[in-house]
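Here's the structure we're looking at; comments come further down.
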Amino acid sequence: MLPPQAEKHPMPRYFFHVTDGHSERDTEGTELPDIYTAQNQAIRTSGELLRDMGGEFWNGTEWKLEVTDEQGQPLLTLRFSAEEHPALTDPSSNLGSA
């Protein structure tokens with residue numbers, strides 16, 4: 001008789017969906033041990049994607065990364081939005097208001 005094999009527990013699969021004016025659905029997902037690891041991965045992934053967007057991120061469009069489980073249930077959402085405001089180019093134009 002063979003010894004009983006240890007029951008294998010597969011890691012949960014998390015999906016990282018990006019919306020930045022259009023949606024990019026993660027169809028493969030990533031196996032991670034728990035939701036806390038998925039949170040850390042979401043933060044790292046967001047930073048990498050935003051860095052790679054460069055100046056495109058500064059157009060005011062909301063950017064979102066949503067983490068879902070294998071059933072498509074939302075677990076986490078990170079939202080970002082950035083707008084570039086022009087600096088005052090001629091400070092002498094405000095002299096009378098001080």
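Only the coordinates and a few stated rules stand behind these numbers; no lab work does. Nothing here was measured: the structure is a model prediction, and the numbers come from that model. Note that each Cβ is placed from the backbone with ideal geometry, even for glycine, and that neighbours are counted across all protein chains shown.
In order along region 14-21, the Karplus-derived 3J(HN,Hα) couplings, from 6.51 cos²θ - 1.76 cosθ + 1.60 at θ = phi - 60°, round to 10, 10, 10, 9, 10, 10, 9, x Hz, and Gly and Pro are given as x. Dipole magnitude for region 13-80: computed about the Cα centre from +1 point charges on Lys and Arg Cβ and -1 point charges on Asp and Glu Cβ, it is near 200 debye.
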